[in-house]
Structures are given as C-alpha cells and as structure tokens.
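See structure below.
What follows draws every value from the coordinates through simple rules; no lab data is involved. Everything numeric in this text was worked out from a predicted model, so none of it was measured. Glycine also receives a Cβ, built like all others from the backbone with ideal geometry; neighbour counts cover every protein chain displayed.
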Amino acid sequence: MSEAEALWVLLPTAQRASGEWIDDTLRTRADEQGMLDRLTQVAAFPRQRVEVVRGPNASGQVNEMFYRRGWTDGLPIVPPTTNRVDAMLRAGGQQRNLVLGEADPLKGVVTVEKVAINAVMAGCEDDHMPVVLAAAQALLEPEFNLRGVQTTDENVTPLLILSGSLAKRLHMNSRFGALGPGWRANAAIGRAVRLIMHNLGGGWPAAVAFAGLGQPGRYSLCLAEDEEFNPWESLREELGFAADDDVLLVQRAESVVNVTGGLDDLASVMASATSSFSRLHGGIVAVIIAPYVAKLLADEGKSKADVKAYLHANSMTTTEEFKKSWIPSRLAGQTKFPRWVRAGLEAGWVPAVEKPEDITVIVAGGDIPIPQCAYMPTWGFPSCRIAKKIETASI
Amino acid sequence: MLRASAAAEAAGVPSSSLVCDGFLGQGATTAVGLGLPNLPMAKVPGHVDTQTDNELRDNLTSVTVQAVIENLTAAQPAAIMIPEPGVRDVVMEGSFEEINRFFYENGWSDGLPIVPPTRAKVDAFLAFTDLPADHILGKLLPDNRHATIWNVAVNGVMAGCRPQYMPVLVALAEAMADPGYGVEHSGNTPGAETLITINGPIIKDLEFNYEQGALRDGFQANTTIGRWWRLYLRNVAGFLLHQNDKGTFGNTWRVVLAENEDVLSKIDWPPHAADFGHSRGDNVVTISRFTGGDVIASVFGQKPEDMLPYLADALISQTGWQLIFTVGMADGSYTPLLVLSPILAETMAKAGWSKDDVRQWLFDNARIPAKKFEQYITEYTNFYSGGRSMFELAQLGKANALYGESQDPDRLVPLVCDPMDIQICVSGDPGRTNAQVFSHNGILGFPTARAIRLPNDWKNKLAGAG
C-alpha cells in the first residue's frame with residue numbers, strides 16, 4: 001500500500017499523569033448516560049501515539065472513527081496527521097513534550113503536542129498555534145476554574161479576545177460578523193479551545209458536562225478587538241502590556257446578548273440579563289461596543305473608564321425585582337450574597353457587577369453607523385480575566 | 001525517586017513527596033511504576049539551587065506547604081490498569097519503511113532503523129532459550145513492566161541481534177531487573193550509560209571483538225547487544241527522553257566490552273567476572289553505569305612501578321563528584337573501572353604482579369588531599385551538606401574508618417574504600433600501551449553480574465544458526 005493511501009494520525013485524547021487514558025473514564029460515563037449507541041467506539045483505540053489509517057477514503061474513515069470515539073464537536077475534523085501536527089508545532093515554537101498542565105475535570109495531561117493535534121483537527125492554520133497555546137495556558141490557570149466551567153449546569157464558555165496587530169495578520173475578524181461565521185481564525189481558534197476542553201479535559205456534553213442547554217459559543221467564541229475604530233486605549237495597554245504586544249484575553253461568557261443601542265440600552269440589558277448567580281459569585285462581564293457608538297461616546301469626551309463607570313452606575317436592578325428572581329425567591333436563606341449585593345439591596349438598587357473595573361469593554365463590529373453592541377454576562381468564581389502575551393517569534 | 005514515599009504509603013502512612021518543577025513529569029511516571037499512580041506530590045517551584053533563601057521560602061510557603069497539607073489529609077484515588085497489546089498481537093502491517101516510521105512515531109525506536117519484529121523472527125530467537133516465552137525474568141521500573149523471554153526476543157530482533165545472542169540478552173535482562181543494580185536510576189540527570197562486559201567462551205562463540213577497537217561499533221555482537229540494552233530500557237523499563245529520562249547530556253549506548261581471555265589465561269589473571277564470584281570459563285555478563293572516563297595514552301615503562309603512577313594519576317583525574325559514592329551517599333559504592341591493554345597487563349604480570357597486587361598499589365597510591373575530597377562532595381556540588389569534615393563523619397560512623405585516621409586536611413586519602421573496589425579488565429589492541437578509565441556512578445547502576453544460561457544442544461544450534 002502506498003503512503004498516499006494511508007493517513008498517519010496522532011491521537012487527540014489524553015492520558016492522566018498516572019498513565020490512565022481519560023477515555024476509560026468517559027466510556028463509563030457515556031455508558032451510564034446511554035450514549036454508546038451513538039458513540040459506538042468510545043475507548044476503542046490503540047493506546048499509542050500514532051495510528052495508521054489505510055485508504056480508500058482514509059480521511060472519511062478518520063472522521064467517522066474519531067466521531068464514534070467521541071473525539072469531535074460533531075462537525076467534521078481535519079485529520080491530525082504527523083505532517084500537519086509537525087508544521088503546527090514548528091509554528092508554535094515550543095517543545096512537543098512540554099507539559100502545560102492537567103485539564104480539568106478528568107485531568108488529561110496537556111502537552112504542546114496535544115494542543116497542536118486538537119488545533120489541526122479544529123482547522124487552524126499553523127500561524128494560529130501561538131494563540132491556541134496562549135488560550136490553552138489561560139484555561140489551565142486556576143482562576144479560570146476549568147473544572148467549574150466544564151461541569152456546571154450553566155452554559156458558560158471561554159470568551160477569547162485578541163488584542164494586537166497579530167489579529168490583522170491572522171485575518172481575525174473584528175468588524176462585520178466578528179462573532180459569526182466566515183473567518184477561519186475566529187472559527188478555528190475558538191474551536192481548538194473547545195476541542196482541547198473536550199479531548200484533554202474530558203468535558204463531554206451530557207456525560208461529564210451537564211450544561212443545561214449549552215450555547216453556540218461552545219463551538220467558538222473568539223474575536224479581535226478592533227484596532228482602527230477603537231477611540232480609547234487598547235485592551236492590552238489597559239491591562240499593562242505594551243502597545244506593540246499581542247495579547248489574548250480569556251474570560252468566561254454565559255451567552256452573547258445583542259443590544260441595539262447605546263450605553264443606556266446596554267445598561268438596561270445588563271440590569272436584566274445579569275443572573276442572580278452572577279451577582280452571587282461576582283465575576284467579570286464583557287461589553288462589545290459598536291464602532292459607531294464608540295465614536296459618538298468618544299466625541300462626547302467619554303473615556304473608556306467613563307463608559308465603565310456609567311454602565312456600572314446604570315445597570316441597577318431594583319431590590320423588588322431582584323427578590324423575585326430565582327435564587328432569592330427559591331433558595332432564600334440558603335445562599336449568602338456578597339456584601340456589595342446586600343448593601344445594594346438595603347439601598348434599593350443592585351448593580352450588575354461590584355465595580356466598574358469588572359466590565360471588560362472592547363470595540364468591535366460593523367464599521368457603518370449602526371448601533372449593534374453586545375453584552376456577555378459571566379458565570380462562576382473566582383473573578384477571571386486572564387491575559388496572555390503571545391510569543392510569535394516565528395510569525 | 002519516590003521509593004521512600006511508596007514504602008510509607010504501602011505501610012499505610014500518608015506521604016507527600018517534595019518534587020522540583022522540572023521533575024513532576026518524571027515523578028508521575030515513576031509513581032506509576034511503583035504501583036501507586038496517584039502518589040501525592042507537592043511541587044517545589046523552580047530549581048532550588050538557583051533561588052535565594054528568601055525566594056525559596058516564599059515559594060515553599062505559597063505553593064509547596066499547601067500541597068503537602070492536601071496530600072496528607074486527602075484520600076488518594078485507587079490505581080487503574082493501563083491496557084497494552086497482547087504479546088503475539090500484530091500492531092502494524094506494512095513495508096519496511098512504514099514499520100520503521102510507525103515504531104519511531106510511537107516512541108519504540110531509537111531513531112535508527114529497526115528490524116521489524118515479526119512472529120517468525122521472534123520465534124527464531126526463542127529457539128535459543130529453554131525458557132518459555134511467557135517466563136518472567138523480573139520487573140523493571142519505572143514502568144513496572146515484566147521482563148519476559150518474549151519481550152527480550154522482540155527487542156533483540158529490533159536491535160539487529162542474531163538469534164544466537166538470545167542467552168546473553170536473557171542474562172542482561174535478569175541483571176537489569178536485579179534490585180542491586182538500580183535500573184530505576186537510569187533516567188537520572190548525570191546521564192550515565194551502562195557498560196556491559198562479557199566473559200567466557202561465548203565471546204568466541206558469538207564472535208565478539210575483544211582486541212583492537214574493542215569499544216567501537218563494527219562487530220555485530222558487541223554493537224547490537226549494546227543497542228538492545230538501550231531499546232530494552234526504552235520499551236520495557238520505560239525510559240523516554242523529554243519525559244522521564246532526565247539525563248542532562250547522556251550519550252549513545254556503549255558497545256559490549258569483551259575481555260581478552262587468551263591473554264588473561266596466559267598471564268594467569270582472573271577474568272572480570274571473578275570479582276562477582278564466577279570462575280574462569282563461566283559465561284557471564286556484568287553491567288555497570290559509567291558517566292565517563294578517558295583513554296590514558298602511552299603508558300610508558302618497563303616495570304609496574306614505572307607504569308602505575310601514571311595509571312594512579314588517571315584514576316585521580318577521572319574522579320570528581322563520584323566521590324560522593326565513597327563518602328556521603330551509599331558509602332563505599334564508588335567502583336571505577338580500569339581497562340588495560342593486553343601489553344600493559346602482560347608487562348605487569350611478567351614482573352610477578354597479580355591483578356590484586358595492581359589494585360592494592362593503586363589503592364595505596366591513587367590518593368588525594370582530604371580537603372580536596374571534601375571540596376568535591378560539599379563546596380563544589382553541595383551533595384553532602386552539613387559542613388562536617390570527613391574526620392568527623394568517620395568518628396560518627398558515617399564514613400569509612402579510613403577517613404578518620406587524622407584531622408590533617410592535607411593528609412592523603414584513597415578514592416575508594418577497598419582495593420577490590422578498583423575494577424580491572426584486559427581488552428583492546430594487544431600491542432598498544434594505552435589504558436582506559438571509566439568513572440562510576442555508585443549505587444545508581446551498581447556493578448551486577450549474571451551467569452549466561454546456554455540452551456540444550458547449544459553447539460549444534462549455534463552451528464545451524466549461521
């Protein structure tokens with residue numbers, strides 16, 4: 001058989017530090033949940049690094065096999081061949097066996113090679129690898145609380161924001177449709193992060209991850225901060241990096257709520273769309289401001305800090321409304337809200353977040369006079385806004 | 001590493017092992033091999049030697065202490081078996097190039113082409129042992145995998161051995177599994193490499209080179225058996241670079257050193273294996289790990305007294321940090337090896353010197369000032385901390401009494417605790433007056449010998465092997 005008919009694929013799943021493959025645990029969980037009629041080959045794979053799949057239609061076979069083993073998000077994947085993974089590793093510039101950490105909740109060991117394998121499967125270009133590596137490292141930071149994100153009944157997902165000139169070089173969209181389909185960097189980098197969570201952390205929906213509904217952002221939630229239409233200092237500079245650095249910001253997003261309008265509309269949505277869970281645990285929310293709206297605000301002389309302060313001060317819900325919501329009404333007496341919430345309840349008004357700095361603000365969206373903004377509530381604890389400088393020596 | 005913690009856990013006592021950042025991966029794999037994959041470890045950030053006291057204190061209090069508390073108070077999850085292919089399973093079918101790529105990609109090869117271990121090729125090796133294929137020779141750390149006749153043969157095929165080398169390979173696997181050897185140290189940072197020496201008529205049966213170029217590749221038995229050793233460490237013991245083999249530099253495998261038994265018998269010196277209780281004429285392999293050494297060129301002189309000062313000086317110059325194995329860590333386990341070319345050994349024997357006479361002379365004369373010895377094990381390496389002199393250690397019973405005879409820091413002290421700790425082999429170009437010194441890695445690969453068991457009807461089988 002010729003090489004052309006065979007695919008040499010690397011396995012995207014992980015072993016624990018103890019050597020055990022997480023798939024053996026996942027098989028038990030999937031069996032308990034009655035998922036093995038669909039995922040018919042869970043844990044049925046050779047326990048080695050590389051597998052050879054012979055043609056004809058080797059690529060189709062890899063896809064079918066990986067899906068049945070539970071290694072995909074349901075969409076077709078790019079077979080992670082040795083050649084493709086090697087190219088990804090070269091672009092990443094890190095040694096393949098370097099251990100980045102263990103991915104919760106099943107504690108698969110995350111090596112640079114495993115990240116590259118999942119990036120190839122997601123459809124990443126080689127030059128995306130430094131961003132995917134930065135994202136993987138962010139997921140493994142304790143404050144990201146990957147265990148919670150993977151196992152909660154809420155629908156939270158990582159939100160990736162790239163700030164820096166790299167975004168343009170990678171063609172990562174920050175304009176029309178930045179959160180929608182069509183741009184490979186937005187789609188594939190976010191998808192790689194999901195596959196890493198899925199295949200290395202074992203966050204299989206309905207087997208380990210019991211998010212009530214999930215959300216489309218669990219396929220990918222990744223965009224760039226717009227460089228040209230941002231009238232304020234960039235996110236990276238705000239976070240203490242240099243203007244010419246490239247920085248990936250990772251925080252947790254519960255959903256994306258469209259807001260047509262300006263600051264008052266955003267504040268109103270924040271007041272109502274911030275769940276009492278969010279107020280229970282605190283956390284950092286995100287607001288995306290349309291270029292047009294940002295320009296109007298800047299023309300009025302408002303700084304980014306002014307915008308955050310305004311949103312904080314105006315995203316109030318009344319004590320009466322708050323008490324009608326799920327947690328205070330159903331679980332009264334069983335939960336203790338933080339001091340800032342209790343103080344607000346006494347004063348009659350509770351803001352969406354504790355303080356203005358808990359709102360991440362970026363400018364992105366279509367660059368015509370349209371007011372399409374977005375609010376992304378958050379979930380869980382601890383407060384999480386992880387910034388990773390991207391090392392791009394090879395790009 | 002981690003053996004003390006494993007022993008404590010086995011006795012039902014909770015443990016927490018302090019492990020430096022760079023060793024966490026090795027720790028995890030070692031723990032698996034010890035049968036306790038969830039052995040609790042507490043990370044010590046960075047490398048302790050490069051931190052100030054304050055940095056180290058901060059790191060320990062902010063990271064390590066918390067982990068120690070968790071380790072000692074939380075229940076550890078149970079171990080789980082990790083499935084592996086069955087022994088006769090075919091793991092890959094394809095061309096020579098494909099098999100080689102497959103083995104390499106899966107970490108089963110050293111980077112040179114391997115001979116694909118087909119069932120037929122393995123069976124040819126099995127014909128050269130009377131033991132059944134599933135016979136267990138021992139257990140090898142860190143993977144805690146059994147050394148079996150089967151996996152000895154598979155790796156023998158892969159290394160390019162001939163089937164008739166099988167009895168040597170089996171003896172080597174047994175020696176590797178001997179707890180006294182300490183195979184689990186094979187991934188330590190000094191990166192020592194094992195030297196296999198061989199004695200007995202099997203040297204000629206298998207056509208080992210024991211003359212000119214004895215330590216160079218070029219003879220199939222010497223070369224491929226050396227290669228087998230490293231493949232076996234990789235595939236059965238489980239040592240992998242960038243994972244649990246932490247050798248800082250390391251080096252390629254050493255080819256097998258066969259002694260020149262013709263010369264030994266002419267001068268009536270015992271073979272190397274005699275140091276381990278074996279007799280002349282026994283087929284024996286001896287293994288030991290050495291970090292390095294050098295050739296001692298042009299040993300000039302007509303009588304032993306003229307030649308030996310240079311050899312004593314060579315022992316001194318090739319010995320530094322290894323002194324920790326004489327005093328400090330596993331006292332008395334430093335056993336350097338001196339390889340003499342036949343003409344050197346013959347010249348000494350002609351003057352009436354036995355091998356033991358040579359060892360005694362070297363023991364008496366290869367000496368260094370006590371203060372220099374102490375410098376190696378304390379000031380230079382910090383291997384032995386606490387600031388005690390060797391005199392004080394000897395008084396406390398923590399060093400051989402040899403080192404407690406005087407308090408004079410300029411007194412001359414021996415490199416080893418006993419003349420017999422200086423190993424001597426005879427091999428190499430019979431006509432050159434060169435020697436070679438290997439300095440040894442103490443208990444981290446202690447000299448271990450095994451008799452080679454030949455199968456029934458060895459001579460006929462050998463004749464038929466080609």
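Going by neighbour counts of Cβ atoms within 10 Å, the residues B:Phe276, B:Phe438, B:Phe391 line up, fewest first, as B:Phe276, B:Phe391, B:Phe438. The length gained on full extension between B:Phe249 and B:Ala120, counted as 0.36 nm times the residue separation minus their Cα-Cα distance, comes to 42.7 nm. Per residue, the Cα convex hull of the protein assembly as shown amounts to 201 Å³.
Starting from the Kirkwood radius over alpha-carbon pairs of the stretch A:3-147, derive D by Stokes-Einstein at 37 °C in a medium of 0.692 mPa s and give it in µm² s⁻¹. Using the Kirkwood radius from Cα pairs, D works out to 208 µm²/s. Between the helical axis of A:82-92 and the longest alpha-carbon principal axis of chain A there is an angle of about 40 degrees.
Here's the thing: no aspartates and glutamates lie within a cross-link span of A:Lys336, going by alpha-carbon distance under 13 Å and ignoring same-chain residues fewer than 8 apart. Once the C-beta distance of A:Glu5 and B:Gln375 is scaled by a Förster radius of 60 Å, the resulting FRET efficiency is 0.40 to the nearest 0.05. Near B:Ile368: Cβ cut-off under 12 Å, other residues only, Lys/Arg at +1 and Asp/Glu at -1. The net charge is +1. Note on B:Trp458/B:Ser298: beta-carbon distance plugged into 1/(1 + (r/R0)^6) with R0 of 56 Å gives a FRET efficiency of 0.85.
Taking every Cα-Cα distance in the stretch B:167-276 and sorting them into 10 Å bins from zero, the calculated P(r) comes out as 13, 42, 32, 11, 1 percent. Using the Cα coordinates of chain B, the gyration tensor eigenvalues translate into equivalent-ellipsoid semi-axes of 36, 35, 17 Å, sorted from longest to shortest. Within the shell of other residues whose beta carbon sits under 13 angstrom from the beta carbon of B:Lys139, the net charge comes to -3, with Lys and Arg scored +1 and Asp and Glu -1.
Over all projection directions, the Cα-based convex hull of the stretch A:112-169 averages an area of 4.9 nm². Pairs over the 22 Å Cα-Cα cut-off, from the set B:Lys204/B:Lys461; B:Lys121/B:Lys461; A:Lys355/A:Lys389; A:Lys389/B:Lys43; A:Lys114/A:Lys168: A:Lys355/A:Lys389; A:Lys389/B:Lys43; A:Lys114/A:Lys168. Dividing the summed helix terms, -39500 (n - 2.57) for each DSSP H run of n ≥ 4, by the number of residues in chain A produces a 222 nm estimate of -10000 deg cm²/dmol to the nearest 500. When the alpha carbon gyration tensor of the stretch B:253-450 is reduced to an equivalent ellipsoid, its three semi-axes come out at 30, 18, 15 angstrom, largest first. With a cut-off of 15 Å on the backbone N, the residues of the stretch B:302-317 near the modelled label site 7 Å out from B:Asp364 along Cα-Cβ are B:304-309, B:312.
Between the helical axis of A:22-32 and the longest alpha-carbon principal axis of chain A there is an angle of about 70 degrees. Working from label points 7 Å from Cα in the Cα-to-Cβ sense, the B:Asp49 to B:Ala8 distance is 2.4 nm. Structural descriptor for the stretch B:253-450: relative contact order 41 percent, calculated from alpha carbon pairs under 8 angstrom and at least 6 residues apart. Take the Cβ atoms of A:Asn258 and A:Asn57, set R0 to 45 Å, and the FRET efficiency comes out at 0.60. Restricting the stretch A:2-67 to trypsin sites (Lys or Arg not before Pro) that sit in a DSSP loop and have at most 12 other Cβ atoms within 10 Å of their own Cβ leaves A:Arg38.
Three principal axis extents of chain A based on alpha-carbon atoms, in descending order, are 74, 48, 31 Å. Taking 0.36 nm per residue of separation and subtracting the current Cα-Cα distance, fully stretching the chain between A:Arg38 and A:Glu227 would add 63.6 nm.
In terms of Cα to Cα distance under 20 Å, which lysines are near enough to B:Lys355, apart from those fewer than 8 places away along the same chain? Cross-link targets: B:Lys266, B:Lys303.
The C-alpha radius of gyration of the stretch A:165-233, expressed as a fraction of 2.2 N^0.38 Å, stands at 1.32. Shape call for the stretch A:181-336 from the C-alpha gyration tensor, a ≥ b ≥ c root eigenvalues: rounded (a/c under 1.5), prolate (a/b greater than b/c) or oblate? Note, shape of the stretch A:181-336 comes out oblate.
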